[in-house]
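This report concerns only the one structure given below.
A short reminder: the numbers here are calculations on the coordinates, not readings from a lab. This one's a predicted model, so the numbers in the text were calculated from it and none came from an experiment. Cβ: placed from backbone, ideal geometry, glycine included. Neighbour counts: every protein chain shown.
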Amino acid sequence: MSTEAKRAPAQKRNEKGAEKGKPGNNGSESSPANDLASTTPEVRRELLTSMMLQRRFEERCAEAYALGKIGGFCHLYIGQEAISTGVMSMIRPDDYVITAYRDHGQALARGISPRAIMAELFGRATGCSGGKGGSMHLFDSETNFLGGHGIVGGHIPIAAGVGFAIKYRRGNQVCVCSFGEAAVNIGAFHEALNIASLWDLPVIFIIENNRYGMGTAISRSTANEDVIVRARGYRMEGESVDGQDVFAVRECMARAVERARKEKRPTLIEMRTYRFMGHSMSDAVSGTYRTKDELEENMKRDPILLLHNRIYEAGELTEGDMHKIDDEAKAIAQDAWDFADASPEPPLEKLYTDVYADTSS
Amino acid sequence: MATKVTMEALSPTMEEGRLVKWNKNEGDQVAAGDVLAEVETDKAVMDLVARGDGVLRKRLANEGDSSPVGTLLAVIATPDENIEAIIGSAAGAAAAPAGQPAPAAQASQSAGSAPQTPAAKKESSGGSSIPQSAAESQGESSTPMQQRGGPQAGAPPSPPGRPAPPRPPSQPAAPRGNGAAHPGAPAAGGRQRTSPLARRLASEKGIQLGAIRGSGPGGRIVKRDIENAKATGGAGRSAAAERLAAEGDFKDIALTQIRKTIARRLSESNGPVPTFFLTAEFDATRAAEMRTQLAEMGDQYKASFNDIVIKAVALALAEHPEVNAHWLNDKIRQFNRIHVAMAVAIEDGLITPVLFDADRLTLWEISEKARDLAKRARERKLMPEEYTGATFTVSNLGMFGIDQFTAIINPPEVGIIAIGGVEERPVVIDGQLEVRQRMRVTMSCDHRAVDGATGAKFLQTVRRYIENPLSLVI
Amino acid sequence: MAVLTYRDALTQALREELQRDDRVFLMGEEVAQYNGAYKVSKGLLDEFGPMRIVDTPITELGFAGVGVGAAMVGLRPIVEFMTWNFALLAIDEVVNAAAKMLYMSGGQYKMPMVFRGPNGTALQLGAQHSQAWESWLAHIPGLKVCTPGTPADAKGLLKSAIRDDNPVVFLEGEMLYNTKGEVPDGEHIVPIGQAELKREGDHCSIITHGKMVLVAMKVADDLAKEGINIDVVDLRTVRPIDVEAISKSVQKTNRAVVLEEGWEICGMGSQVVDFIQRECFDDLDAPVLRVHQEDVPMPYAKNLERAAKPDAGKTIAAIKKVMYLD
């Protein structure tokens, strides 16, 4: 994989944003969610830019999938961008991120280059996993992005293990682990939460509650839809927030990060959101398990629209600025596409590499 | 218990045989090993021996009948044993395709591919001592271990889909793999079973598998059978075999592109074996003189022109391994040992007995063996292993007054030499006309393996030996 | 060289590797305060403290995943399963996470970790606690699988496993912990993937591993009295398998019996027989036979359990059959 691809502009931009979004700068202690004063205009513009990039990138993914350039399972993040952007803006580069298979938005917000991500989706040698992972398995050791994982709940105990390693080394990093609301019914979730609380591990567990586990509504799968009560079962701090409001996400994350760094305690956060696309590319957007009306109602709370409106109303953004941000997002997505399309496939000898590591230590 | 007498595969290529003569009559007492009948195979007349003791109760074939391999020809049993079931099964068995294994064998062959029947599962667990069930209820008294493997030697082949006929409980099953009970009984369908190791050892030691009776299950030839064959002299040529065992039998030559192209193009042009012919006239005067002198030394030193030519060809082959070879389509196999076949005319055809390791035989050994082979060939008494396995062939029609002819190559050999009669002819030597004994030799070459120059050089060497015949006896 | 039990040899390996590398830690049920359900970790809590000798809740999936996460970011976990029967609950972390992480990350995340614990049949533990899992685990590319049969191999292989940068499945014989043997002191390393010829003979090969090595040695002793000399090839590691050692032995003896604790279908023996037919076809004088557990769940009753297990008698019968002596 090319390091050049990884160090594309998006990462730099995001690292800058992450620096500015550090708890120390942005008042995790006191700022209410809708207090625009808690962030600078520059940070607010960065947040919008990050979310816009994810939106345009995922739209191009849908197009590439339709053209057969992306294969397999492909789960788009459209509608949930405030969570990835809000979460990543509140952690440090040396923190750890691990997520499930709906990982494109998380990877972009964390700062993996759009080129390396698109190349991975296209199955090219320049992809962030060398073309061996695919849509569900984006990895990047430079940004401590510990992967997209394909088995529901399977990565949650791994996050506890990362937390254990941080504690073992007496570090002050945190590990952020996100998954869908359907994962709260799987054993791995419970085992990991129990261990994380029992052993005081600095892990932030994020339930991205988009209300459907594939095509099954939460009301049809979960005895108590109020999923955050599960935190109490493990003597853990728990909080539910509006996942469409990037400021609410940031504020809640600020508290959780503080708790993890200083008290070494885990947190469970439910972020309420909605996915505007089907579960994967092979799933209808609406019709089978949710109505068009429901979808349209939720699209009124598009996280990008909400953020845009608030910055616009505050007079920080002109229509021209908005077009510029959008054009840039489109240009980066196009550049990623072009890069991926022009990249070589992995050489056949790579089939047999990386099965085992050479042990030399 | 009863022993079936079936048409056995008495030559490597035999599919059916003709019963020439019964040597035993119904009611005669016979012992294992007794010659019951003479059977004409595609190549020779062979003895059919008894595989068990008892009375020849019933003969089912008449002299002159031809029967496919495996056909029931007779039944040997105790005087009062009921053999109707066996005779009755002959019709059904004959209708079954040759080589059809009994159901037990099918089950064991599929062992390992799930799902299985409980019986098959049990059979496939080697060394198992699982509680006994289905098979035992049929009256078998063998252990589960013994139930594995091929059909029992001597058991009647059952039509597919029907269980094997029950054995009377009072009679224990014959222990499988017991060479004494059923020595060398071939597997159903007549195919000789040989362990891979035994096959390799036999090849290395130059032992013909057809001559060996397997002592393993279903008559399988195993390592110890090859070792025993070696110890007892095997097919009569193990001394030479032992002497040469270490050298290895042959060398495979990969085909070069040009060789492939030659083979392909010439085959298109001229038959499956693109043959060309080289004719030379040798001076046989000195050979004739030597023959006369040898004959004067006594009968034991007599040698024919044919013997002299065989010896000369054998020595020449040693110098030209490219001619001492087989064409195997994807490669040429050059042999390190030299086995020269000689074509012998018999009453109704032609047979080619082999002088194994001819280059290492003395002229007199060649002479003696050739005489014996020719005699037994005409009597149709040759064993299959005596007329297979040649690396090159010599054909001689001189005794019929033919002075020159072309012979047809016997594939996969790559050449054959045709010898005409020795005649006095006028020749010019050093500007002088002289009358000399001359012989015309024509070599047919498979152009896929042997090029013109290669064949010509080989003939030059043969000429050198024939024209300097002392080199053949020293 | 000291005579140690298999258990003490393992403890010695753990202690030496914990001393050698402070990234190494041991976690599992009852490993610390209780000194280990089978006492393999006896005394280690006192020496290394609770951060490195970690008692876990009874939550195999959870703590196996903790091991995976810790290995991903540079620690070298040793995850103990009280028995491999319980590890089935954790199989997603072993098979879907540990074994594949390096590959699906395109070489970015190594998994230097060991999953260890007792494996195989014991005495009258019934269907759920008496099973041999090596063929399941050896099936998975990305894992290495060790099956030591002697105290010396237990120590040498465990040290190799802990130092390996790949996930190593380490299967200890539940019935072997009290067996004794000579164990070299200190730095004794047995390379992963190397078989050992435990006994030399030229009549027949027994290919085996783990606890069945002891059965094979007994068989070799018994048959020696009859003048039959057995080559005993102890695979020691079943992934990767030492094909060369198998071939060398079978090419010498021309006959083989493959002995294992597990079940027949897709067992380790199936793989060994496949190697033999490929590498030794022209050397075989008889079909290769297998001895293994009967194709049934393990029964409780003593007589049934005995009948279900592979043993010396079944092995001798198989050897005589491949030697055409039955």
Where N is the number of residues in region A:63-118, Cα Rg divided by 2.2 N^0.38 Å: 1.22
Under-5 Å amide H pairs with B:Asp65, H placed in peptide plane, nonlocal only: B:Leu19
Rg over Rh [alpha-carbon atoms, Kirkwood Rh] for the protein assembly as shown: 1.13
Magnitude of the charge dipole, the protein assembly as shown, Cβ model with Lys/Arg +1 and Asp/Glu -1, debye to 20: 740
Amide hydrogen neighbours beyond the local backbone of B:Ala407, cut-off 5 Å, H modeled: B:Ala418, B:Ser444
Between region A:59-94 and region A:109-130, the Cα center-to-center distance that results, in Å: 12
Helix-derived mean residue ellipticity, 222 nm - over chain C, DSSP H n ≥ 4, -39500 (n - 2.57), to 500: -10000 deg cm²/dmol
Residue-count net charge about C:Leu10 - beta-carbon cut-off 12 Å; Lys, Arg +1, Asp, Glu -1: +1
Highest to lowest packing among B:26-39, A:127-140, B:424-437, scored as the average C-beta count within 10 Å: A:127-140, B:26-39, B:424-437
Shielding by partners, peptide A:139-145 (average Cβ within 10 angstrom, other chains): 3
Within 10 Å of each Cβ in A:186-195, the average number of Cβ atoms from other chains: 5
Shielding by partners, peptide C:257-267 (average Cβ within 10 angstrom, other chains): 2
Mean-position separation - Cα centroids, region B:413-474 and region A:326-340, in angstrom: 86
For region A:54-183: Kirkwood Rh in Å [reciprocal of mean 1/r, alpha carbons]: 14.8
Scattering profile of region C:271-321 at q = 0.14, 0.25, 0.26 Å⁻¹ [log10 I(q)/I(0), Debye over alpha-carbon scatterers]: -0.49, -0.96, -0.99
Radius 13 Å from Cβ of A:Ala64, net charge of other residues (Lys, Arg +1; Asp, Glu -1): -2
Members of A:Lys132/C:Lys155; B:Lys43/B:Lys260; A:Lys167/A:Lys350; B:Lys251/C:Lys198; C:Lys180/C:Lys218 lying beyond 26 Å, as alpha-carbon distances in this model show: A:Lys132/C:Lys155; B:Lys43/B:Lys260; A:Lys167/A:Lys350; B:Lys251/C:Lys198
Ranked packing of C:33-39, B:442-448, most packed first, by mean Cβ within 10 Å: B:442-448, C:33-39
P(r), alpha carbons of region C:1-88 - 5 Å bins starting at zero, rounded %: 3, 15, 25, 25, 20, 9, 2, 1
Kirkwood hydrodynamic radius (C-alpha pairs) into Stokes-Einstein, region B:311-387, 10 °C and 1.306 mPa s, D in µm²/s: 119
Percent RCO, i.e. relative contact order, over region C:1-139, from Cα pairs under 8 Å lying at least 6 residues apart: 20
Links that overshoot a 32 Å alpha carbon limit, given the list B:Lys4/B:Lys223; C:Lys42/C:Lys225; A:Lys264/C:Lys100; B:Lys223/C:Lys144: C:Lys42/C:Lys225; B:Lys223/C:Lys144
Trypsin sites (Lys or Arg not before Pro) within region B:26-72, DSSP loop, no more than 14 other Cβ atoms inside 10 Å: none
Peptides B:289-297, A:47-55 ordered by average Cβ neighbours within 10 Å, highest first: A:47-55, B:289-297
Separation between Cα centres of region C:246-288 and region A:251-275, rounded to whole Å: 57
Region A:305-316 - phi-based ³J(HN,Hα) in whole Hz, Karplus 6.51/-1.76/1.60, Gly and Pro as x: 4, 4, 5, 4, 4, 6, 5, 4, 5, 6, x, 8
Convex hull volume per residue for chain C, taking Cα atoms only, in Å³: 128
Projected area, mean over directions - region C:34-171, Cα convex hull, nm²: 8.5
Surface/4 of the Cα convex hull for chain A, nm²: 18.1
Check: region B:281-388 dipole with +1 on Lys, Arg Cβ and -1 on Asp, Glu Cβ, in debye: 240
Per-residue HN-Hα couplings for region A:334-343 [Karplus 6.51, -1.76, 1.60; θ = phi - 60°; Hz; x = Gly/Pro]: 5, 4, 4, 4, 4, 4, 5, 5, 8, 6
Cross-link partners of B:Lys302 among lysines (Cα-Cα below 27 Å; sequence separation of 8 or more within a chain): B:Lys311, B:Lys369, B:Lys375, B:Lys381
Radius of gyration and Dmax over the Cα atoms of region A:249-361, both given in Å: 22.0, 60
At q = 0.22 Å⁻¹, base-10 log of I(q)/I(0) for region B:327-462 (Debye sum, equal scatterers on each alpha carbon): -1.46
Relative contact order for chain C, counting Cα pairs under 8 Å that sit 6 or more residues apart, in percent: 16
